1. Would you please put 115-128, 139-152 in order of how densely packed they are, using the mean number of other Cβ atoms within 10 angstrom per residue and starting with the highest?
2. Expressed as a rounded percentage, what relative contact order does segment 104-180 have, with Cα pairs under 8 Å and six or more residues apart?
3. Go ahead and run the numbers for FRET between N94 and D115, Cβ-Cβ distance against an R0 of 45 Å, rounding to 0.05.
4. Distance between the C-alpha centers of segment 39-54 and segment 111-145? Whole Å please.
5. Pairs on different chains or at least eight residues apart, Cα atoms closer than 22 Å: how many lysine pairs in segment 42-191 fit?
6. Under the rule a/c < 1.5 gives rounded, and otherwise a/b versus b/c splits prolate from oblate, where does segment 80-192 land using the Cα gyration tensor?
7. For segment 42-191, what does the relative contact order come out to in percent, with C-alpha contacts under 8 Å and a separation of six or more?
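Every read-out reported here was derived from the displayed coordinates using simple, explicitly stated rules and does not represent laboratory data. Keep in mind that what you see is a predicted model, and the values were worked out from it rather than measured. Here the Cβ positions follow ideal geometry from the backbone for every residue, glycine too, while neighbour counts run over all protein chains shown.
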Amino acid sequence: MIKKLCAVIILCCFSCGEDYVPKPKAFLRLEYPQAKYIDANLELPFAFEVNMLATEVDVKQVQSGTESYGVNLEYPALKGTIFLTYKAVEGNKNNLLSFLRDAQNFTQKHTIKADEIPVTPYENSQRKVYGAFAEVKGDVASQAQFYVTDSVNHFLTGSLYFYAKPNYDSILPAANYLQKDIRHIMETIRWK
């Protein structure tokens, strides 16, 4: 009887402890270097500053015979690309409304999966740059879009894409970093 009582007391003493709960999954803490910008010396109807982290800058004429260009700013370290598309506004401005509508509709297509799409207007009347920046929050293909124009001759639109499944939590640090680059592009656009 004493052996059983001792065994029960010992069992009670050692059985009282913390419950073990599996730890939740976590994401890596990603930190990127301070952005350093240089002039993008491209033979285009506009100029801007680009982050030195964008190692590959690819320029293509979108349609032959028109003043339309595509510029891809590749960020291999962040596994993302900022796609820029430039289109010349015709003298009668009929296509400017079409360009604006297309840019706004492109952003609105993300409302199906987006949690929120805050749009921030942008204006720099000294340099004649007017536009908007849209941050698309949620598990969507493109985390940000923007457009800028001088309302007379030039129209530039851009979007951010990653080479990964859209998991908002995991790509958020890279998205925030590249959204700052997009804002910097908007702030440094110079029409030629």
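1. The packing order, highest mean first, is 139-152, 115-128.
2. This gives 22 percent for segment 104-180.
3. 0.80
4. Each part's Cα centre sits 21 Å from the other's.
5. Here the count comes out as 17.
6. Prolate, because a/c is 1.5 or more and a/b exceeds b/c.
7. 25
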